[in-house]
Amino acid sequence: MNKYFLLALTAAMSLTASADKLPVKKLKVTSPFTTTAAIQIDTVDVNGKKLDVDATLKDGIMPQAWKSGTDITLTEDKDGNPALVLTAGDKNTLYLAGFTFDNTRFAKCNIEAKGKQEHIVYIDNEQGTSRNLLPGRHEVVVKVLCKANESDTLSISVESDQSQHITLHSEGKRLYTMADYMTGEKGSTTELSANGRYLMMNSRIVNKEGTTTWKRHIIDLKTGITMPCDNFFAWASQGDRYIRSEKGVQGETKYEYVDPATQQTTPLFTNYMRTGGRFLPGEKEMLVSKTTEGPKDDAQVHQILEPDDRQPGWRTRTNVQILNTQNGQLTQLTNGFHNSYAKISDDGKLALIITSEDNLTERPFTFNSIYLYNRETQQLDTLVRHDGFVDGAEFLKGNKQIVLTGSPEALGGIGINDPTGKTPSMVQKELFLMDLATKEVKSLTRDFNPCISSIQVSPFDGCVYALCENRDRQDIFRIDPQSGKIAQLKLSECYVSSFSLARDKALMSYTGQSDSNAARVYTVDLKSGRETLIRDFHAATLSDVEMGKCEDWYFVNSRGDSICGRYYLPPHFDASKKYPMLVYYYGGCSPTGRYLESYYSFQGWAAMGYVVYVVQPSGCTGFGQEFAARHVNTYGEGTAEDIIEGTQQFCREHPFVNDKKIGCLGASYGGFMTQYLMTKTDIFAASMSHAGISNPTSYWGYGYWGYSYSAVSAANSYPWNNEKLLSGQAPLFNADKVHTPILFLHGEADTNVPINESIQMFTALKILGRECAFVSVEGQNHHITDFQKQKKWISTYYAWFAKWLQDDPTWWDTLYPKKNL
């Protein structure tokens, strides 16, 4: 048996003369694989290239097999280098030798080897000796061919200018990385069968190249057996069967019931209308949305009728049809040029018809009307007329009442509870109860601080289950519409993204995550409260990850308000050291939730050596009406003070923060806030604004939703009647006050906050000679969703903060080398 050996790698990338070499002192080495040369039928291959006999000997063994090897500690050779001597045998053999290392920062690395034997080097399973490595744990594997009767002494080292941030032979848990967020299986939505025996679960699997595969399967909650459910359409309204849909050769759609237990199928009906829809209870009817394209202009010129006419598809109108699955008859329920939608009662007798119309002379510019239609008598009754603050309605059990969702100003303002008299925030959603016989309405959540995101009415117990922003959590509440009692469900996860209710059982399923774990799926017995974990999507991949500690931290601002926040510490935190800090705050109006999976990765930032402070300043939803109303007609005032005061107070209370190395970042309204903060304070050493508003006036007029979002953020304020707000608060009009380096990131095709908002602020700062950078992401809208582009976008702001907060420009200079222009 030949002795194990260490193969050196040949450096292929040039580093600076100051680059340090880290000698590899331990290896995991496999037993030798005996190889036999292939029979040489010819001397050249199909392309005329001379065959390399030795190359064929190195084929056939995958580098991943190195983990099956034995750990070996190397001894020093005569020059003092850790090395391993390979004693020649009488046959050609192959060995795999591997080791790992961690880098907490971006690093350019060479793997240098000294030795005579032929070898192939793999870094993270890709062949090559040089890499630009993102922070994380990396594997180096050497596949070496040892020829018969040829002894050798081999040594290896890692060469990098960032060697102080590299740890060889890493042991224990690794750090959370960008790849953990971007790849792997991602839990999505769930749906329970009517009787609650089965759970349908959606997920998506993203590989390292960014290819996404959607996965859908059914779990038997009694046995735990998982089964495929190709072409799943919906659960049947009774029992535990599901409905499967399949396209026919004539373009028709065939629907059939499937029993998950036996896979036995029963035909339901064949739809020849080529229309899609949603089955009503009993599956005797289908609710169909009919779309009609509006008039088209000349292809070369387009008359813009309304501001929204710039949006593709705005002229298309939607009406409602009912398809009878027994006889195939299609009946028009609504017709006209206003958009309309419908909700049908469980017994099929009543319909709620919701129509919308625009009126740009009156806030909030789009108004809804709700009608009750008796399908048996054909009587139409108006329930809500021309209310821009009501946005939805659902029947309650028994069909005697409905619940409506809307902002506090809905229904004449009966939900307003803010004693200060401020204009309420339109995105702080409330719940209302209406009696259909008397049309009496009352607010169910007037004194309820959480903000309603979505609701489901349980056909089983008649309660409303509401997914709510609850401070920095997203929780589920059960609301009894008769008693008005509201109770929070006690769940394991603090950020629920979706949930499902069984029709005929007190059972719920939900998908959620927390600040240190990825998506998990649970079921909850709604009577006992007992929770059962069904799937932890990242249990295996995150089991060896060391997360940073996350703690709540509140402070009292100068106005006497308690401001919610939390912070993350780097893994292996040492309170005697000084750490740079990143500060993050909300975009839009929603609080920054306690979730792990996000391209604004708080755990990922902590893993790179930052303390992370997430603050929930004035103006975000989920803290009550008065707090949310602070977003209206302020454009940063008050919110900025909360962020500045919170950052300063946090530094005073936590001496491990280097208060000279603090960065801040945000997106959309958070991008505006970054720019606005730069005009108000110099406490930050660097900042990043993604898709930020620099001039509320230009955003108001140019963004697809500029004027309608301004109905929220700048209620009844316009350029002609409130110049102080829309110009006085604009970062662009205060650009000369900016002295902090700022990075502008923007999707080139952003229709929400157009890219000119970054362009004009970048131009102003360039004219002023201030430090700034601007990177546009081609072909991307408000959110950067393309996998490869998202990876580069994330790397860009990581590199920016590494440059300014960690005094290491390597990553930035690698991504954006200096150009002599």
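The values are calculated or read from the model by the stated rules, or taken from the named source; none is laboratory data. Quick caveat: nothing in here was measured; it's all calculated off a predicted structure. Glycine also receives a Cβ, built like all others from the backbone with ideal geometry; neighbour counts cover every protein chain displayed. We work out accessible area using only protein heavy atoms, side chains counted, and drop any ligands, DNA or RNA first. Shrake-Rupley method; radii C 1.70, N 1.55, O 1.52, S 1.80 Å.
Report yes if some residue within segment 413-429 is over 20 Å from residue 631 (Cβ atoms), of a type outside the set (Asp, Glu) and either modelled with pLDDT under 95 or open to solvent by 10 Å² or more (accessible area, probe 1.4 Å) (or both); otherwise report no.
Step one: of segment 413-429, the residues over 20 Å from residue 631 (Cβ atoms) are 414.
Filter once more, keeping what is of a type outside the set (Asp, Glu): 414.
Filter once more, so that each one left must be either modelled with pLDDT under 95 or open to solvent by 10 Å² or more (accessible area, probe 1.4 Å) (or both): 414.
Yes, that holds for at least one residue.
Before we move on, is residue 202 more than 23 Å from residue 548 (Cβ to Cβ), buried (at least 17 other Cβ atoms within 10 Å of the Cβ), free of Cβ contacts under 8 Å to residues at least 40 places away in the same chain and of a type outside the set (Ser, Thr, Tyr)? Full working, then the answer.
Numbers: more than 23 Å from residue 548 (Cβ to Cβ): yes; buried (at least 17 other Cβ atoms within 10 Å of the Cβ): yes; free of Cβ contacts under 8 Å to residues at least 40 places away in the same chain: yes; of a type outside the set (Ser, Thr, Tyr): yes.
Yes: the conditions hold for residue 202.
When residues of segment 77-96 are filtered for being open to solvent by 30 Å² or more (accessible area, probe 1.4 Å) and of a type outside the set (A, V, I, L, M, F, W, C), how many remain?
Total satisfying the criteria: 9.
For segment 674-717, name all the residues that are under 30 Å from residue 805 (Cα atoms), within 24 Å of the chain's Cα centre (by Cα), outside any loop (DSSP other than H, G, I, E, B) and not polar (S, T, N, Q).
688, 690
Cβ-Cβ below 7 Å, separation at least six or inter-chain, first residue in segment 767-784 and in a loop (DSSP other than H, G, I, E, B), second of a type in the set (A, V, I, L, M) and surrounded by 16 or more Cβ atoms within 10 Å (Cβ to Cβ): which pairs?
Close Cβ pairs (under 7 Å, with a partner that is of a type in the set (A, V, I, L, M) and surrounded by 16 or more Cβ atoms within 10 Å (Cβ to Cβ)) amount to 770/738; 782/691; 782/753; 784/777.
Looking at (1) in contact with a helix residue (DSSP H, G or I) (Cβ under 9 Å, 6 or more places away or on another chain); (2) of a type outside the set (Phe, Trp, Tyr); (3) at pLDDT below 95, which is the one condition that is false for residue 215?
Going through the list (1) in contact with a helix residue (DSSP H, G or I) (Cβ under 9 Å, 6 or more places away or on another chain); (2) of a type outside the set (Phe, Trp, Tyr); (3) at pLDDT below 95, residue 215 breaks only (1).
Please list, ordered by residue number, the strands (runs of 3 or more DSSP E) wholly in segment 238-302 having 2 or more residues that are within 37 Å of the chain's Cα centre (by Cα). Outline the logic, then answer.
Working: elements: 242-247, 253-258, 265-271, 277-279, 285-292.
Because the criterion is at least 2 residues that are within 37 Å of the chain's Cα centre (by Cα), the strands (runs of 3 or more DSSP E) in segment 238-302 that meet it are 242-247, 253-258, 277-279, 285-292.
Which of the residues spanning segment 64-76 are free of Cβ contacts under 8 Å to residues at least 60 places away in the same chain and open to solvent by 70 Å² or more (accessible area, probe 1.4 Å)?
Selection gives 67, 68, 71, 73, 75, 76.
What are the residues in segment 97-116 that are surrounded by fewer than 20 Cβ atoms within 10 Å (Cβ to Cβ) and polar (S, T, N, Q), if any?
Correct list: 100 only.
Return yes when residue 662 is under 27 Å from residue 723 (Cα atoms), of a type outside the set (Ser, Thr, Tyr) and touching a residue at least 24 places away in the same chain (Cβ under 8 Å) and no when it is not. I'd like the intermediate steps shown before the answer.
Numbers: under 27 Å from residue 723 (Cα atoms): no; of a type outside the set (Ser, Thr, Tyr): yes; touching a residue at least 24 places away in the same chain (Cβ under 8 Å): yes.
Here the answer is no, as residue 662 does not meet what is asked.
Among the residues of segment 808-819, is any touching a residue at least 40 places away in the same chain (Cβ under 8 Å) and closer than 30 Å to residue 309 by Cα? Outline the logic, then answer.
The initial filter retains those residues of segment 808-819 that are touching a residue at least 40 places away in the same chain (Cβ under 8 Å), namely 808, 810-811, 814, 816.
In the following step, the residues that additionally are closer than 30 Å to residue 309 by Cα were identified as none.
Scanning segment 808-819, I find no residue that is touching a residue at least 40 places away in the same chain (Cβ under 8 Å) and closer than 30 Å to residue 309 by Cα, so the answer is no.
Looking at 382, 361, 325 in this structure, which one is without any contact (Cβ under 8 Å) to a residue 24 or more places away in the chain, touching a Phe, Trp or Tyr at 6+ places or on another chain (Cβ under 9 Å) and of a type in the set (Ser, Thr, Tyr)? Full working, then the answer.
Working: 361 fails: touching a Phe, Trp or Tyr at 6+ places or on another chain (Cβ under 9 Å); 325 fails: without any contact (Cβ under 8 Å) to a residue 24 or more places away in the chain.
Of 382, 361, 325, the one residue that is without any contact (Cβ under 8 Å) to a residue 24 or more places away in the chain, touching a Phe, Trp or Tyr at 6+ places or on another chain (Cβ under 9 Å) and of a type in the set (Ser, Thr, Tyr) is 382.
Kindly check whether there is at least one residue in segment 598-611 that is modelled with pLDDT of 95 or more, under 26 Å from the mean Cα position of the chain (by Cα), in a strand (DSSP E or B) and crowded, with 21+ Cβ neighbours inside 10 Å.
yes
Step by step: first the residues of segment 452-502, then only those that are among the hydroxyl-bearing types (Ser, Thr, Tyr), in contact (Cβ under 8 Å) with a residue 24 or more places away in the chain and part of a loop (DSSP other than H, G, I, E, B), then the one that is least open to solvent (accessible area, probe 1.4 Å). Which residue is that?
Filtering first and then ranking leaves 458.
Looking at 528, 590, which is the one that is within 23 Å of residue 676 (Cβ to Cβ) and either assigned to a loop (DSSP other than H, G, I, E, B) or not charged (D, E, K, R) (or both)? Steps first, answer last, please.
Numbers: 528 fails: within 23 Å of residue 676 (Cβ to Cβ).
Result: 590 is the single residue among 528, 590 that is within 23 Å of residue 676 (Cβ to Cβ) and either assigned to a loop (DSSP other than H, G, I, E, B) or not charged (D, E, K, R) (or both).
Restricting to segment 785-821, what's the tally of residues that are surrounded by 16 or more Cβ atoms within 10 Å (Cβ to Cβ) and farther than 15 Å from residue 747 by Cβ?
15
Working only within segment 636-656, note down all residues that are under 21 Å from residue 742 (Cα atoms), out of contact with any Pro (no Cβ under 6 Å at 6 or more places or on another chain) and in contact (Cβ under 8 Å) with a residue 60 or more places away in the chain. First the steps, then the outcome.
Going through segment 636-656, the residues under 21 Å from residue 742 (Cα atoms) turn out to be 636-637, 639-648.
Next cut, out of contact with any Pro (no Cβ under 6 Å at 6 or more places or on another chain) only: 636-637, 640-641, 644-648.
Matches in segment 636-656: 636, 637, 641, 645, 646, 647.
Scan segment 119-135 and give yes if some residue there is surrounded by fewer than 21 Cβ atoms within 10 Å (Cβ to Cβ), of a type in the set (Gly, Ala, Ser), more than 16 Å from residue 21 (Cβ to Cβ) and without any contact (Cβ under 8 Å) to a residue 60 or more places away in the chain, otherwise no.
no
Quick check, is residue 284 open to solvent by 50 Å² or more (accessible area, probe 1.4 Å) and touching a residue at least 60 places away in the same chain (Cβ under 8 Å)? Working first, answer last.
Numbers: open to solvent by 50 Å² or more (accessible area, probe 1.4 Å): yes; touching a residue at least 60 places away in the same chain (Cβ under 8 Å): yes.
Yes; evaluated as a whole, the condition is true for this residue.
Take the residues in segment 175-199 that are within 18 Å of residue 791 (Cβ to Cβ) and charged (D, E, K, R); name whichever of them is surrounded by the fewest Cβ atoms within 10 Å (Cβ to Cβ). Write out each step before concluding.
Keep residues of segment 175-199 that are within 18 Å of residue 791 (Cβ to Cβ), which gives 175-184, 186.
Next, only the ones that are charged (D, E, K, R) stay: 180, 186.
Numbers: 180: 22, 186: 20.
Ranking the candidates gives 186 first.
Residues in segment 503-535 that are without any contact (Cβ under 8 Å) to a residue 40 or more places away in the chain, open to solvent by less than 40 Å² (accessible area, probe 1.4 Å) and not aromatic (Phe, Trp, Tyr): how many?
2
Charged (D, E, K, R) and under 18 Å from residue 350 (Cβ atoms): which single residue out of 284, 290, 296 fits that description?
Working: 290 fails: under 18 Å from residue 350 (Cβ atoms); 296 fails: under 18 Å from residue 350 (Cβ atoms).
Sole residue among the options that is charged (D, E, K, R) and under 18 Å from residue 350 (Cβ atoms): 284.
Has segment 297-315 got at least one residue that is open to solvent by 50 Å² or more (accessible area, probe 1.4 Å), in contact (Cβ under 8 Å) with a residue 24 or more places away in the chain, closer than 28 Å to residue 369 by Cα and in contact with a strand residue (DSSP E or B) (Cβ under 9 Å, 6 or more places away or on another chain)?
Taking every residue of segment 297-315 in turn, at least one turns out to be open to solvent by 50 Å² or more (accessible area, probe 1.4 Å), in contact (Cβ under 8 Å) with a residue 24 or more places away in the chain, closer than 28 Å to residue 369 by Cα and in contact with a strand residue (DSSP E or B) (Cβ under 9 Å, 6 or more places away or on another chain).
Of the conditions (1) closer than 30 Å to residue 95 by Cα; (2) of a type in the set (Val, Ile, Thr); (3) part of a loop (DSSP other than H, G, I, E, B), residue 223 fails just one. Which one is it?
Exception for residue 223: condition (1).
Could you tell me which residue of segment 706-750 is most open to solvent (accessible area, probe 1.4 Å), considering only residues that are aromatic (Phe, Trp, Tyr) and free of Cβ contacts under 8 Å to residues at least 24 places away in the same chain?
Taking segment 706-750 and keeping what is aromatic (Phe, Trp, Tyr), we get 707, 709, 718, 720, 733, 744.
Narrowing the set further to residues that are free of Cβ contacts under 8 Å to residues at least 24 places away in the same chain leaves 709, 718, 720.
Numbers: 709: 43, 718: 43, 720: 180 Å².
Per the criteria, the residue is 720.
For the structure I just gave you, tell me whether residue 188 is more than 30 Å from residue 73 (Cα to Cα) and modelled with pLDDT under 95.
Working: more than 30 Å from residue 73 (Cα to Cα): yes; modelled with pLDDT under 95: yes.
Criteria met by residue 188.
Here is a check on your reading of the model: is residue 329 exposed (fewer than 15 other Cβ atoms within 10 Å of the Cβ) and over 37 Å from the mean Cα position of the chain (by Cα)?
Values: exposed (fewer than 15 other Cβ atoms within 10 Å of the Cβ): yes; over 37 Å from the mean Cα position of the chain (by Cα): yes.
For residue 329, the condition - exposed (fewer than 15 other Cβ atoms within 10 Å of the Cβ) and over 37 Å from the mean Cα position of the chain (by Cα) - is met.
Give me the residue from segment 354-408 that is among the β-branched types (Val, Ile, Thr) and under 23 Å from residue 449 (Cα atoms) and, out of that set, farthest from the chain's Cα centre (by Cα). If you could, list the steps in order and put the result at the bottom.
Applying the first criterion (among the β-branched types (Val, Ile, Thr)) to segment 354-408 yields 354-355, 361, 366, 370, 377, 382, 384, 390, 402-403, 405.
Among the residues that remain, those that are also under 23 Å from residue 449 (Cα atoms) are: 390, 402-403, 405.
Working: 390: 28, 402: 33, 403: 30, 405: 26 Å.
It comes out as 402.
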